[in-house]
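Structure first, commentary second.
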Amino acid sequence: MDKPSDKDILQGDFFSPGQKDFSLRRKSFLWGAAISSYQCEGGNFNCDWHLWEKEKNLAPAGSACDHYNLFKKDFALAAHLGLNSLRFSAEWSRIMPHRDTVLGEELAHYKEVVRSLLSFNLKPIVTLHHFTNPIWFAQKGGWLDDRNIDDFIKYLKATVEALKDEVDTWVIFNEPMVYVYNGFIHGSWPPGMKSLRAARRVLDNITQAHIIGYAQIKDIYKKIGKTVNVSLAQNLHYFYPCPEFSFGTNTLAAILVNKVFNFSTLDYLVKRKALDFIGVNYYSKTYIERKGFSGAQCSHANHKERKNSLGWYICPGGFYTVLMALKKYNLPLVILENGTAENTEALYGEYLVSHLKQMERAIAAGVDIRGYLWWSLLDNFEWDKGYKPCFGLIEVDYKTQERKIRPFAQEYAKICRGSKIG
Ligand code: BGC
């Protein structure tokens, strides 16, 4: 089979069935990075997170990386690093600042973003919902009310229509489980609720919105005779029972949490044929102990793995386990996020290479992985943790908006350009 050209990669041929001879060094493998609107763009004052920061007295996202204005500069750096793809999100609250307003100039902005990516030979992968909602949507009950699903679909259709000629890979929702857990169970993200019932309802509504949105996107592309790949980004942890003696109940709890958090949404959507590939976000290992009839992150502070600067247990082997578990769906996988926030340069490099080796191992074991995107291209606003954690291939000075490529990113650049891992 001939090697696909850059044009093939940009236009999505890398997903076509029959392309089974994939390998990491094949030209069509996606090597990229991911970002999201609220975390990078700056100036997003029409969404629920903006209100939440004020209400909770959190560090504000403010002008973030000013990526809304500096996107060309950022894409030039991504291209300089040898990446061939970039995942970004459109900001719903910019496009629809009011329920009845779809702003043409904001759609034009994202069209310019996409065109800029293409001019740098970066394949655009566009996320439609990355944790933020317009204020008007949140105020009418947000995802708690199934009558509001239509509002999201209106935004989805307008955005997909505007970008359909240049984009062929869409991620409707980023990490529904993380959104639901933080916003409706743990209460640390807007709207700050702690209710299992509410969480269940929100997850149901988001899943329904995905199914409707999936069909709408397919329809739009069918009309123009173009193929399109649609998915979600699923956050998967390597859940592991806390080794403290528990008569096996921690093991049962870990199995349950794994089933619900990692796989229930995927099971549901795969069964309904609403995913063309699986978007995988993997970061770390989480120890589980029994809590009531279920399980929760265990409270013991020191398990054997090292922790990153956020206290997350780093476990490359868990990445392999999770990837192997996804084989059962028989769908291509794209790693849409993998990354870490560290305090030393060496640890970033170690994380990167050790996880890529596990991905390589999974590919060798027959897992159909089509791409790997590092989280994140830029240091950015880490939600309730503010600006302290640094996930970027590129360091950002938030005062001057200067960018500086981190040394480990040069290591990534070599791999993206075809060198051996490690
Ligand atoms: C989210 C990002 C976040 C990253 C690091 C992912 O779960 O999609 O928005 O910045 O994790 O916490």
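The values are calculated or read from the model by the stated rules, or taken from the named source; none is laboratory data. Keep in mind that this is a model prediction, so the values were computed, not measured. Please note: Cβ atoms are built from the backbone with ideal geometry, for glycine as well, and neighbour counts cover all protein chains shown. For the accessible areas, the whole protein counts, side chains as well, though only heavy atoms, and no ligand, DNA or RNA atoms are used. Shrake-Rupley method; radii C 1.70, N 1.55, O 1.52, S 1.80 Å.
Odds and ends about this structure:
- Filtered residues of segment 407-422 (kept if more than 13 Å from His80 (Cβ to Cβ) and either under 23 Å from the mean Cα position of the chain (by Cα) or modelled with pLDDT under 95 (or both)): Phe408, Glu411, Ile415, Gly418, Ser419, Lys420, Ile421, Gly422
- Of the listed requirements (1) part of a helix (DSSP H, G or I); (2) touching a His at 6+ places or on another chain (Cβ under 9 Å); (3) more than 16 Å from the ligand (Cβ to nearest atom), Thr251 misses just one: (2).
- Selection within segment 314-337 - over 19 Å from Lys420 (Cα atoms), within 16 Å of the ligand (Cβ to nearest atom) and assigned to a strand (DSSP E or B): Val334, Leu336, Glu337
- Residue within segment 353-363 that is at pLDDT 95 or above and within 16 Å of the ligand (Cβ to nearest atom) present: yes
- A count restricted to segment 372-410 and to residues that are away from the ligand (no atom under 16 Å from the Cβ) and touching a Ser or Thr at 6+ places or on another chain (Cβ under 9 Å) stands at 1.
- Selection from segment 190-202 of residues that are open to solvent by 20 Å² or more (accessible area, probe 1.4 Å) and either within 22 Å of Tyr38 (Cβ to Cβ) or within 19 Å of the chain's Cα centre (by Cα) (or both): Pro191, Gly192, Met193
- Tyr68 of a type outside the set (S, T, N, Q), under 22 Å from the mean Cα position of the chain (by Cα), open to solvent by 40 Å² or more (accessible area, probe 1.4 Å) and on the phi < 0 side of the Ramachandran plot: yes
- Residue count, segment 119-134 (criterion: in contact with an Asp or Glu (Cβ under 6 Å, 6 or more places away or on another chain) and over 16 Å from Pro176 (Cα atoms)): 1
Conditions tested, residue by residue: (1) β-branched (Val, Ile, Thr); (2) away from the ligand (no atom under 13 Å from the Cβ).
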residue: Trp143; (1), (2): no, yes
residue: Lys154; (1), (2): no, yes
residue: Lys164; (1), (2): no, yes
residue: Trp170; (1), (2): no, yes
residue: Asn174; (1), (2): no, no
residue: Val178; (1), (2): yes, no
residue: Tyr181; (1), (2): no, no
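- Top-ranked residue in segment 136-156 [being over 17 Å from Gly183 (Cβ atoms) and free of Cβ contacts under 8 Å to residues at least 24 places away in the same chain; ranked as surrounded by the fewest Cβ atoms within 10 Å (Cβ to Cβ)]: Arg147
- Boolean, Ala341 is without any contact (Cβ under 8 Å) to a residue 12 or more places away in the chain, of a type in the set (A, V, I, L, M) and outside any helix (DSSP H, G or I): no
- Segment 292-318 residues that are of a type in the set (A, V, I, L, M), paired with ones that are assigned to a loop (DSSP other than H, G, I, E, B) (beta carbon under 8 Å, 6 or more apart): Leu310/Ala341; Leu310/Pro389; Ile314/Glu305; Ile314/Arg306; Ile314/Asn308; Ile314/Thr340
- Condition broken by Gly366, with the remaining ones in (1) of a type in the set (Gly, Ala, Ser); (2) out of contact with any Leu (no Cβ under 7 Å at 6 or more places or on another chain); (3) within 16 Å of the ligand (Cβ to nearest atom); (4) touching a residue at least 12 places away in the same chain (Cβ under 8 Å) satisfied: (3)
- Top-ranked residue of segment 382-401 - restricted to ones that are at positive phi and not small (Gly, Ala, Ser), ranked as surrounded by the fewest Cβ atoms within 10 Å (Cβ to Cβ): Gln401
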